[in-house]
Amino acid sequence: MWGAFPYVGCPVPLQMNVSATTWTTLSKLLDDALDLLPAERAAWLEQYAQREPALAPTLQKLLAAHASDETADLLRQLPTLDLPDPATPDPSATGLGPGTLVGPYRLVRTLGSGGMADV
């Protein structure tokens, strides 16, 4: 087996054990399905299921996970930063130094500085 595939963003982690060959096939089919309008996908999946009944349930799970991502409004769930006025000349005035929490993440150290930012 190729290994577990966690579908990123899925509210309930979608784990699948598939071979590399199967994943290549599923990936192409998923791309084909996502090129369709959401209203057309169910009919397309029904037609596909008649030709290849073995992969259709897995493909249906992937499409359902994608649909939940489309409606999840993920950008509103990202952590927000209260930043000072951009005209502030002192980069340390952002308060984003080591130990600062950004959402569930804690900043540990500055990796580098230059140009227009600290990383």
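The values are calculated or read from the model by the stated rules, or taken from the named source; none is laboratory data. All figures in this text were calculated on a predicted structure; none of them were measured in a lab. Reconstructed Cβ throughout: ideal geometry from the backbone, glycine too, with neighbour counts over all protein chains shown. These accessible areas exclude ligands, DNA and RNA; they are computed on the full protein's heavy atoms, side chains included. Shrake-Rupley method; radii C 1.70, N 1.55, O 1.52, S 1.80 Å.
Regarding Leu59, is this residue surrounded by 10 or more Cβ atoms within 10 Å (Cβ to Cβ), modelled with pLDDT of 80 or more and hydrophobic (A, V, I, L, M, F, W, C)? Walk me through how you get there before you give the answer.
Details: surrounded by 10 or more Cβ atoms within 10 Å (Cβ to Cβ): yes; modelled with pLDDT of 80 or more: yes; hydrophobic (A, V, I, L, M, F, W, C): yes.
It is true that Leu59 is surrounded by 10 or more Cβ atoms within 10 Å (Cβ to Cβ), modelled with pLDDT of 80 or more and hydrophobic (A, V, I, L, M, F, W, C).
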### Task
Inspect all residues belonging to the range 16-38 and state whether any of them is in contact with a helix residue (DSSP H, G or I) (Cβ under 9 Å, 6 or more places away or on another chain), of a type in the set (S, T, N, Q), open to solvent by 60 Å² or more (accessible area, probe 1.4 Å) and at pLDDT 65 or above.
no
## Note on the structure
By residue number, the members of the range 39-56 that are within 19 Å of Ser68 (Cβ to Cβ) and either open to solvent by 60 Å² or more (accessible area, probe 1.4 Å) or touching a strand residue (DSSP E or B) at 6+ places or on another chain (Cβ under 7 Å) (or both) are Ala39, Glu40, Ala42
### Query
Quick one: what pairs do we get from the range 102-119, first residue at pLDDT 80 or above, second surrounded by 10 or more Cβ atoms within 10 Å (Cβ to Cβ) and not in a loop (DSSP other than H, G, I, E, B), C-beta under 6 Å, 6+ apart or different chains?
Thr110/Asp118
